[in-house]
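First comes the structure, then the notes that go with it.
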Amino acid sequence: NAGVMQNPRHLVRRRGQEARLRCSPVKGHSHVYWYRQLPEEGLKFMVYLQKENIIDESGMPKERFSAEFPKEGPSILRIQQVVRGDSAAYFCASSPPDRVVGYTFGSGTRLTVV
Amino acid sequence: AQKVTQAQTEISVVEKEDVTLDCVYETRDTTYYLFWYKQPPSGELVFLIRRNSFDEQNEISGRYSWNFQKSTSSFNFTITASQVVDSAVYFCALSGNTGFQKLVFGTGTRLLVSP
């Protein structure tokens, strides 16, 4: 009965490098959401994906950030050319088609940019 | 637009005291969901409760209780006889029925329970 699996738990990148965060949803969940938590703040919605489709990316920064949820494999949040301000905790959540019952968060990936 | 306000930034209590965490929300949706999550120092998000906007009954789960009042747009959370293990940041969140479930979070209340 695995929940949402995120890896890595901690990621350190130097400025200018790329960060790739992975999220494996609960088995049978077809919807994935990414949230960002800046230090001392609440979570902010970034993007909502279904298999092979981006449904809502209204919370994604316009540049350097992208997300995908391929037919096979985990969802990936990709941050190119990271800057210090990208340091945050990134949480993934997944849900079944009815979207509310079973909405489950992963343990998060803590990204530190040095 | 949807908004969640947790006016209490930090609360400090002594063990065994009761404590109430406030949550006020704004939404134009007639159907919506309210959530509380706990974030302990380890950083993960622990789901505590989900409440449908049509269900205004208060709920009790052990030492936890929730008071949902649509008239004041509030969904307050009370911990009875607090314990040191309750020390965490608590988030209130709101989701509307707009076709998908995007949660809007408050800024959180940090609860410190000292022995």
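FYI, it's all coordinate maths here, none of it is from the lab. Predicted model, so just to flag it, every value in this text is computed and none were measured. We place every Cβ from the backbone using ideal geometry, glycine too, and count neighbours over all the protein chains shown.
Numbers at a glance
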item	result
Flag if residue A:77 is in contact with a helix residue (DSSP H, G or I) (Cβ under 8 Å, 6 or more places away or on another chain) and either closer than 14 Å to residue A:33 by Cα or of a type outside the set (Ser, Thr, Tyr) (or both)	no
Spans of strands (runs of 3 or more DSSP E) in segment A:37-110 with at least 1 residues over 12 Å from the mean Cα position of the chain (by Cα), within 11 Å of chain B (Cβ to nearest Cβ) and closer than 28 Å to residue B:109 by Cα	A:88-95
Subset of segment A:43-66 (residues that are of a type outside the set (Phe, Trp, Tyr) and buried (at least 21 other Cβ atoms within 10 Å of the Cβ))	A:43, A:46, A:47, A:49
Yes/no for residue B:73 being at negative phi and among the polar types (S, T, N, Q)	no
Total residues in segment B:1-24, condition within 23 Å of residue B:115 (Cα to Cα), not hydrophobic (A, V, I, L, M, F, W, C) and not in a loop (DSSP other than H, G, I, E, B)	3
All strands (runs of 3 or more DSSP E) inside segment B:25-109 with 1 or more residues being within 14 Å of chain A (Cβ to nearest Cβ)	B:32-39, B:46-52, B:88-96
Selection from segment B:57-68 of residues that are within 13 Å of the chain's Cα centre (by Cα) and either of a type in the set (D, E, K, R) or farther than 26 Å from residue B:83 by Cβ (or both)	B:59
